[in-house]
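**Student:** Sharing a structure, written as structure tokens. Questions coming.
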Amino acid sequence: MAQPIIFDVDTGIDDSLALLYLLSSPEAEILAITCTSGNVPARQVAINNLAWLELCGKPDIEVALGSEVPIVAPLMTTEETHGPQGIGHAELDPPRGGISPRHATEVWIELARSRPGQIIGLVTGPLTNLALALRIEPELPRLLKRLVIMGGAFDHPGNTLPTTEWNIAVDPESAKIVFDAFSGLPADRRPIVCGLDVTELIEMKPEHLVRLARVAGSTPEELLSPDDAYGTRSTASNPLVRHLTDAVRFYMEFHVTHDQGFLAHMHDPFAAAIALHPELGVTRPATIDVELAGTLTRGQTVADWRGLWGREPNAEIVVSTDPAAFFDHLIDRVGTFARTLT
Ligand code: BDR
Ligand code: CA
């Protein structure tokens with residue numbers, strides 16, 4: 001039976017691949033996509049999601065707009081990381097479909113209430129929408145089957161400031177509301193948290209795109225190279241492969257400028273895979289809190305692994321995984337799905 005999912009995003013290049021992965025996975029049923037501002041403003045996030053859905057022949061999935069700003073912090077976006085529209089060099093056809101009349105918080109609450117204990121929540125952007133929904137429906141942690149979050153950096157440097165990860169840094173107050181709301185619950189209610197410690201192990205390289213294109217039956221073979229002219233466009237025959245390659249190339253070019261090599265950290269696809277297959281990661285319980293006051297560390301996720309605060313764990317943090325097994329799974333899924341598109 002397919003697992004019903006609410007997918008909350010700030011699409012985003014890696015959010016895009018996470019969406020393609022979920023659409024490619026027969027064991028996932030996306031009930032709705034809720035959009036928050038993060039990588040790019042929320043309205044652009046919604047357009048990106050609608051465009052990917054139409055490209056993939058799934059135009060009927062609801063796309064709802066959420067908060068366009070964090071609850072306290074001024075909005076920051078990162079077009080330099082994800083491209084002017086959030087999808088790198090890709091230029092998707094403008095979507096014909098529209099944004100849902102429902103607000104993202106309504107979507108979270110109404111769906112969770114309608115199917116108690118069944119729905120997986122997956123958040124790969126700032127936690128604004130979920131925090132707002134929790135203020136209205138504090139029972140959400142008990143109504144969801146599972147929550148998976150991409151966010152935070154635990155025993156690992158940040159990617160936004162020295163100690164902060166992007167999704168938490170954009171809206172630290174919302175992140176704190178969410179982690180507080182999941183405190184004091186039974187172990188099987190704890191959110192599974194994918195921080196940079198593991199997601200930076202998920203290095204997509206040009207050869208992964210070649211393998212995916214082969215599974216899709218796409219030609220010609222394109223091995224992206226750091227020596228290619230900046231912004232070289234894909235000529236792949238398969239539309240999904242072509243647009244994905246254009247998006248991911250931008251992300252790889254960004255990583256080069258940050259001395260990380262010609263590769264792309266696929267944070268969000270990993271979190272999506274954990275949402276469907278938690279066994280892909282090894283987790284450890286911890287109590288997570290978010291620094292809101294530090295002049296240098298605001299937005300840092302602090303994990304108490306040893307119970308030093310005297311508080312029960314409120315999260316299961318993914319501490320290790322097998323990146324090669326993840327990529328085999330991702331390439332098989334997305335490549336096989338792409339083959340069905342012309
Ligand atoms: C997270 O920040 C965003 O830029 C990515 O989409 C990912 O969700 C990684 O820190
Ligand atoms: Ca994201």
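**Student:** 7 Å from Cα along Cα→Cβ at both residue 207 and residue 308: what's the point-to-point distance in nm?
**Tutor:** Modelled inter-label distance: 4.1 nm.
**Student:** Report, ordered by chain and residue number, the lysines lying within cross-link reach of residue 176, taken as a straight Cα distance under 26 Å and ignoring same-chain residues fewer than 8 apart.
**Tutor:** By straight Cα distance, residue 176 reaches 145.
**Student:** Can you check what the Kirkwood hydrodynamic radius comes to for the chain, Cα pairs only, in Å to one decimal?
**Tutor:** Values: mean 1/r = 0.0507 Å⁻¹.
Averaging 1/r across every pair of different Cα atoms and inverting gives 19.7 Å.
**Student:** Where in segment 323-342 does the label zone of residue 96 land, with the point 7 angstrom along Cα→C-beta and an amide N cut-off under 14 Å?
**Tutor:** Nothing falls inside the zone, counting backbone N under 14 Å.
**Student:** While we're looking at this one, here's another question. Between rounded, prolate and oblate, where does segment 187-305 land on the alpha carbon gyration tensor, with a ≥ b ≥ c its root eigenvalues, rounded for a/c under 1.5, else prolate if a/b exceeds b/c? Before the final figure, lay out each step's value.
**Tutor:** Values: a/c = 3.33, a/b = 1.75, b/c = 1.90.
In terms of gyration-tensor shape, oblate.
**Student:** Can you list the residues, at least 5 places off or on another chain, whose amide H is less than 5 Å from the amide H of residue 314, using H built in the peptide plane?
**Tutor:** 286, 287, 288
**Student:** What is the Å³ per residue value for the convex hull set by the Cα atoms of segment 240-342?
**Tutor:** Values: hull volume 15.6 nm³, N = 103.
Each residue corresponds to 152 Å³ of Cα convex hull volume.
**Student:** Please give me, ordered by residue number, the trypsin sites (Lys or Arg not before Pro) of segment 282-326 that lie in loop per DSSP and have at most 13 other Cβ atoms within 10 Å. Don't jump to the answer; show the numbers that get you there.
**Tutor:** On the way: sites: 298, 306, 311; in loops: 298, 306, 311.
Of the trypsin sites (Lys or Arg not before Pro), the ones in loops of segment 282-326 whose Cβ has at most 13 other Cβ atoms within 10 Å are 306, 311.
**Student:** Still on this structure, I have one more. Which FRET efficiency value, to the nearest 0.05, is calculated for residue 180 and residue 332 with the Förster distance at 41 angstrom and r the Cβ-Cβ distance?
**Tutor:** 0.60
**Student:** Sticking with this structure for a sec: What is the gain in length, in nm to one decimal, between residue 324 and residue 58 on full extension, counting 0.36 nm per residue of separation less the C-alpha to C-alpha distance?
**Tutor:** Working: separation 266, 0.36 × 266 = 95.76 nm, distance 2.90 nm.
Fully extending the segment from residue 324 to residue 58 adds 92.9 nm.
**Student:** Per-residue counts of other Cβ atoms within 10 Å, averaged by peptide: what ranking do you get for 125-133, 183-191, highest first?
**Tutor:** Values: 125-133: 28.4, 183-191: 14.4.
By packing density, highest mean first, the sequence is 125-133, 183-191.
**Student:** Just flag the GluC sites (Glu not before Pro) in segment 7-71 sitting in loop per DSSP whose Cβ has no more than 14 other Cβ atoms within 10 Å.
**Tutor:** Of the GluC sites (Glu not before Pro), the ones in loops of segment 7-71 whose Cβ has at most 14 other Cβ atoms within 10 Å are 27, 68.
**Student:** How much FRET efficiency would the formula 1/(1 + (r/R0)^6) give for residue 257 and residue 1, where r is the Cβ-Cβ distance and R0 is 30 Å, rounded to 0.05?
**Tutor:** Details: r = 44 Å, r/R0 = 1.48.
Efficiency computed from Cβ-Cβ geometry: 0.10.
**Student:** Once the whole set of protein chains is in place, how much accessible area is left on residue 8, using a 1.4 Å probe, in Å² to the nearest 10?
**Tutor:** Ignoring ligands and nucleic acids, residue 8 comes out at about 0 Å².
**Student:** Using per-residue counts of other Cβ atoms within 10 Å, averaged over each peptide, order 105-115, 193-203 from highest down. All intermediate terms of the calculation are to be shown ahead of the outcome.
**Tutor:** Details: 105-115: 19.2, 193-203: 23.1.
Ranked from most to least packed, the peptides come out as 193-203, 105-115.
**Student:** Something else about it: Counting only protein heavy atoms and using a 1.4 Å probe, what share of the accessible area of the chain belongs to carbon plus sulfur, as a whole percent?
**Tutor:** Numbers: 6980 of 13090 Å².
Roughly 53 percent of what the probe reaches on the chain is carbon or sulfur.
**Student:** In debye, nearest 20, what is the charge dipole magnitude of the chain about its Cα centre with +1 on Lys and Arg Cβ and -1 on Asp and Glu Cβ, if you could check? Mind showing how you got there, number by number?
**Tutor:** Details: 25 positive and 45 negative charges, 156 e Å.
For the chain, the charge dipole is close to 740 debye.
**Student:** Here's something else I'd like to know. Given 0.36 nm per residue, what is the gain on full extension from residue 115 to residue 29 after removing their alpha carbon distance, in nm? Walk me through the intermediate numbers first.
**Tutor:** Working: separation 86, 0.36 × 86 = 30.96 nm, distance 1.34 nm.
That pair, residue 115 and residue 29, stretches by 29.6 nm at full extension.
**Student:** Is the C-alpha gyration tensor of segment 13-119 telling us rounded, prolate or oblate? Criteria: a/c under 1.5 is rounded; beyond that, a/b larger than b/c is prolate, otherwise oblate.
**Tutor:** On the way: a/c = 1.76, a/b = 1.16, b/c = 1.52.
Oblate is the answer for segment 13-119, as a/c is 1.5 or above yet b/c matches or exceeds a/b.
**Student:** Here's another thing I want to ask about it. Probe radius 1.4 Å, ligands and nucleic acids left out: which of 96, 339, 242 has the largest accessible area, and how do the rest follow?
**Tutor:** Working: 96 210, 339 140, 242 75 Å².
So, going from the largest accessible area down, we get 96, 339, 242.
**Student:** Sticking with this one: Over the chain, give the accessible area per residue in Å² for a 1.4 Å probe, as an integer.
**Tutor:** Details: 13090 Å² over 342 residues.
That works out to 38 Å² per residue.
**Student:** In addition: Once both labels are modelled 7 Å past Cα along the beta-carbon direction, what's the residue 297-residue 71 spacing in nm?
**Tutor:** Output for this residue pair reads 2.3 nm.
The values are calculated or read from the model by the stated rules, or taken from the named source; none is laboratory data. What you see is a predicted model; the values in this text were computed from it and never measured. Neighbour counts are summed over all protein chains in view; Cβ atoms, including those assigned to glycine, are modelled from backbone coordinates with ideal geometry. Each accessible area value is taken on the protein alone, full model and side chains, heavy atoms only, with ligands, DNA and RNA left out. Shrake-Rupley method; radii C 1.70, N 1.55, O 1.52, S 1.80 Å.
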